[in-house]
Amino acid sequence: MMTLDNEKEYIRHFSDIDKSHVPVVGGKGANLGEMFAKFTIPEGFCVTIHAYEEFLKEAGIKNHIHERLAGLDVEQTEDLQKMSDDIQKLIQETPIPKHIMEEIKKNHERIVGFVAVRSSATAEDLPQASFAGQQSTILNVTTPDAVVEAVRECWSSLFTARAIYYRVKNNFRHEDVSISVVVQQMIDAATAGVAFTVNPINQDYNQMVIEGAFGLGETVVSGSVTPDTHIVQKKPLEILETHGGTQKFALFQDKNGGNKKVEYTDEEGSKRKLTDEQVLEIAKTIIDIEGHYDKPQDIEWAFDKDGKLHILQSRPITTLR
């Protein structure tokens, strides 16, 4: 394994990560490593913050970026967007050191099938702040070269206008937030969605909410489709309510890479996405995950086309009273 020194790996596999590694692999990466030995997590690795920091160092652009940000008034929307565009373009056009690219490619080749490439900022998934969704996720990536470019896109997304604004308003110094990137085996999902181990609407700690849709869960996370919603009681374990959603379209894995969009009629999109047995399987699993962390969790899940449940990520719920 290539290193910056004896301690600073560019790559760290899920099996070598736990929740203490947030400073190295960010919140998302640390949670995946923490759960990897205990739950059904698709295999993968993290491109650590050391790779990102070395990229900035070799290119000589870190001080330039932070000096420009220091004088920015984030309330000036046009200035904020232009600054974001300029910094992201700089990162996307700056060559990645060859030895870092080789490490990413070598480790990607060990994963079977397509991968998801997800940003994992070091200030992400903290109990006191919600950075979720601010940085890039690229799904169904195929070739080693495409993975490297997806990693670069994730790095540049640390400087979206939304991310810059959020850090300033929540008193996080830009130079104190770094970014890792998760490269994870992509599940060819039949159904997917999100689950909350506490009902976020009524704040009932004995209720869970499970939302599901056909295809990739990205449509549920982004709010672009209306999922089926299931309210499940923890004790005794019981489905209390099921509300069907009419899904207009779904995204599935394209055999050539990327996502394939499938549109539905109202009749097709109104069909139930999960059986009661699947809802209860998710419920039992997320109760175990909540128990592991000893705090309410917001979880992404997927059933593959063989009917196997996979947990894709878990983060603390930050909106409860």
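Quick notes
- Residues that are in a strand (DSSP E or B) and among the aromatic types (Phe, Trp, Tyr) within the stretch 244-276 comprise PHE249, PHE252, listed in sequence order.
- Among (1) touching a residue at least 12 places away in the same chain (Cβ under 8 Å); (2) surrounded by 15 or more Cβ atoms within 10 Å (Cβ to Cβ); (3) part of a helix (DSSP H, G or I) - the single one LYS105 does not satisfy: (2)
- Scan of the stretch 306-321 for residues that are at pLDDT 95 or above and not in a strand (DSSP E or B), ordered by number: ASP306, GLY307, LYS308
Here's the yes/no breakdown for (1) among the small types (Gly, Ala, Ser); (2) in contact with a Phe, Trp or Tyr (Cβ under 9 Å, 6 or more places away or on another chain):
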| residue | (1), (2) |
| --- | --- |
| PHE249 | no, yes |
| GLY257 | yes, yes |
| GLY269 | yes, yes |
| ASP276 | no, no |
| HIS292 | no, yes |
| ASP298 | no, yes |
| ALA302 | yes, no |
| ILE311 | no, yes |
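- Some residue of the stretch 76-90 being outside any helix (DSSP H, G or I), under 20 Å from VAL147 (Cα atoms) and in the same structural domain as GLU153 (by TED's automatic domain parsing): no
- Of all residues in the stretch 38-68 being of a type in the set (Val, Ile, Thr) and part of a helix (DSSP H, G or I), the one that is nearest to GLU103 (Cα to Cα): ILE49
- Any hit, the stretch 180-200, residues being crowded, with 19+ Cβ neighbours inside 10 Å, aromatic (Phe, Trp, Tyr) and in a helix (DSSP H, G or I): no
- For the stretch 145-203, filtering for residues that are of a type in the set (Ser, Thr, Tyr), in contact with a helix residue (DSSP H, G or I) (Cβ under 9 Å, 6 or more places away or on another chain) and more than 21 Å from GLU54 (Cβ to Cβ) leaves 4.
- If you go through the stretch 183-209 and keep only what is among the β-branched types (Val, Ile, Thr) and more than 20 Å from ASN31 (Cα to Cα), you end up with THR191, ILE201, VAL209.
- Of all the numbered requirements in (1) out of contact with any Ser or Thr (no Cβ under 6 Å at 6 or more places or on another chain); (2) in the same structural domain as GLU103 (by TED's automatic domain parsing), GLU241 misses one, and that requirement is (2).
- Of residues in the stretch 41-70 being under 17 Å from ALA163 (Cβ atoms) and under 27 Å from the mean Cα position of the chain (by Cα), the one surrounded by the most Cβ atoms within 10 Å (Cβ to Cβ): TYR52
- Failed condition for GLY257, given (1) within 29 Å of GLU43 (Cα to Cα); (2) of a type outside the set (A, V, I, L, M); (3) in the same structural domain as PRO42 (by TED's automatic domain parsing); (4) modelled with pLDDT under 95: (3)
For (1) modelled with pLDDT of 95 or more; (2) closer than 30 Å to GLU263 by Cβ; (3) touching a His at 6+ places or on another chain (Cβ under 8 Å), each residue gets a yes or a no:
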| site | (1), (2), (3) |
| --- | --- |
| SER156 | yes, no, no |
| GLU175 | no, no, yes |
| VAL181 | yes, no, no |
| THR191 | yes, yes, no |
| VAL209 | yes, yes, yes |
| VAL220 | yes, yes, no |
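- A residue that is of a type in the set (Val, Ile, Thr), closer than 15 Å to ASP188 by Cβ and surrounded by fewer than 17 Cβ atoms within 10 Å (Cβ to Cβ) occurs somewhere in the stretch 248-262.
- Condition met for GLU175 (touching a residue at least 12 places away in the same chain (Cβ under 8 Å) and either over 27 Å from PRO42 (Cα atoms) or of a type in the set (Ser, Thr, Tyr) (or both)): yes
- Residue check for LYS273: surrounded by 13 or more Cβ atoms within 10 Å (Cβ to Cβ), closer than 23 Å to ALA116 by Cβ and basic (Lys, Arg): yes
- Taking the stretch 277-305 as the range and being in a loop (DSSP other than H, G, I, E, B), of a type in the set (Lys, Arg) and within 19 Å of LYS234 (Cα to Cα) as the test, only LYS295 passes.
- The set of residues in the stretch 71-89 that are surrounded by fewer than 18 Cβ atoms within 10 Å (Cβ to Cβ) and either under 24 Å from the mean Cα position of the chain (by Cα) or charged (D, E, K, R) (or both) comprises ASP73, GLU75, GLU78, ASP79, GLN81, LYS82, ASP85, ASP86, LYS89.
The values are calculated or read from the model by the stated rules, or taken from the named source; none is laboratory data. Because the structure is a prediction, the values reported are computed rather than measured. Glycine also receives a Cβ, built like all others from the backbone with ideal geometry; neighbour counts cover every protein chain displayed.
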